[in-house]
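Reading through the structure tokens given below for one structure.
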Ligand code: CP
């Protein structure tokens, strides 16, 4: 792995991504019987900086760093000087003197990039307004453990063309998947992301397609995926979005339109009976809690490889 940071899915090559998924599977299999090689962060610390709320990401990184032998340091805006206006550059420079990697959940991708530019240690995107690449790694691990491989599978995402959709487009096409996104007009993923995903797909056999008819998009899907209709920071649009997104609900009709063995996915937290029907999230096709669990394994694999083989992976404390 040659990546220095993991700010966007495309910071990994297809081969890097496969290596992360392979190690994630191995770490998952021997989680209760780890060997010395499974603790590559021994003597190292990782800052977990959260400027937005989180359940899964925060806890899975906290537990994951500890399981890798490292020391996680959780920081949030309200209990640090970030929330009082200390610049992200100064914060990055200071944290770099204490820790061996910085995991960040923040707002604009540009803020994350500024933090990474000022950091002398690897930075990992734990969700920005633009992308959620750690989520996509866990999603791919979940699909691969059910289907054996990823290339050629069709994942249909119903709903908002948001950060999760962006990461699925980029990570999915890196893995050779067809990623179809059905969104209401005006809520599609960014054109530049779709174009980038198709450029990746030209080399991997993957494809990115934006559609507007949810049932047409669901037809023949191997995976049906959805996310909240109003992301963090869009809560004041919840009512208007609930109307616009109704036809994109992941419900029994969408499941019936897909392949008989379709996997149902949601990155959580879910609004039951809004973007996904309770009968579907709790039904036989759902793998949502495997997805949530795999956040732990995929992120442990990512941190292991980034800190031992990545551009800054000196293999020991600085
Ligand atoms: N899926 C996800 O990122 O969940 P959290 O917001 O709880 O971290």
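Before moving on, here are some points about what is shown:
- Only residues that are within 14 Å of the ligand (Cβ to nearest atom) and in a helix (DSSP H, G or I) were counted in the range 111-140, giving 7.
- Meets criteria (in contact (Cβ under 8 Å) with a residue 24 or more places away in the chain, within 15 Å of the chain's Cα centre (by Cα) and either over 17 Å from residue 220 (Cβ atoms) or surrounded by 22 or more Cβ atoms within 10 Å (Cβ to Cβ) (or both)) for residue 156: no
- Residue in the range 77-91 that is within 16 Å of the ligand (Cβ to nearest atom), under 30 Å from residue 232 (Cα atoms) and touching a strand residue (DSSP E or B) at 6+ places or on another chain (Cβ under 8 Å) present: yes
- Any hit, the range 65-72, residues being within 16 Å of the ligand (Cβ to nearest atom) and either closer than 28 Å to residue 232 by Cβ or crowded, with 21+ Cβ neighbours inside 10 Å (or both): yes
- When we screen 96, 54, 60 for residues that are within 16 Å of the ligand (Cβ to nearest atom), assigned to a helix (DSSP H, G or I) and surrounded by 15 or more Cβ atoms within 10 Å (Cβ to Cβ), the only hit is 60.
- Filter result for residue 203 (part of a helix (DSSP H, G or I) and more than 28 Å from residue 52 (Cβ to Cβ)): yes
- Condition met for residue 41 (in contact (Cβ under 8 Å) with a residue 40 or more places away in the chain, assigned to a loop (DSSP other than H, G, I, E, B), surrounded by 21 or more Cβ atoms within 10 Å (Cβ to Cβ) and away from the ligand (no atom under 16 Å from the Cβ)): yes
- Failed condition for residue 102, given (1) touching a helix residue (DSSP H, G or I) at 6+ places or on another chain (Cβ under 6 Å); (2) assigned to a helix (DSSP H, G or I); (3) within 18 Å of residue 300 (Cα to Cα): (2)
- Only listed residue being within 14 Å of the ligand (Cβ to nearest atom), under 15 Å from residue 60 (Cα atoms) and crowded, with 19+ Cβ neighbours inside 10 Å, chosen from 302, 296: 296
- For the range 235-278, the tally of residues that are within 23 Å of residue 138 (Cβ to Cβ), within 15 Å of the ligand (Cβ to nearest atom) and either free of Cβ contacts under 8 Å to residues at least 12 places away in the same chain or touching a helix residue (DSSP H, G or I) at 6+ places or on another chain (Cβ under 7 Å) (or both) stands at 5.
Quick note: the coordinates plus some simple rules give every number you see, no bench work behind them. Quantities reported herein were computed from a predicted structural model and do not represent experimental measurements. Neighbour counts are summed over all protein chains in view; Cβ atoms, including those assigned to glycine, are modelled from backbone coordinates with ideal geometry.
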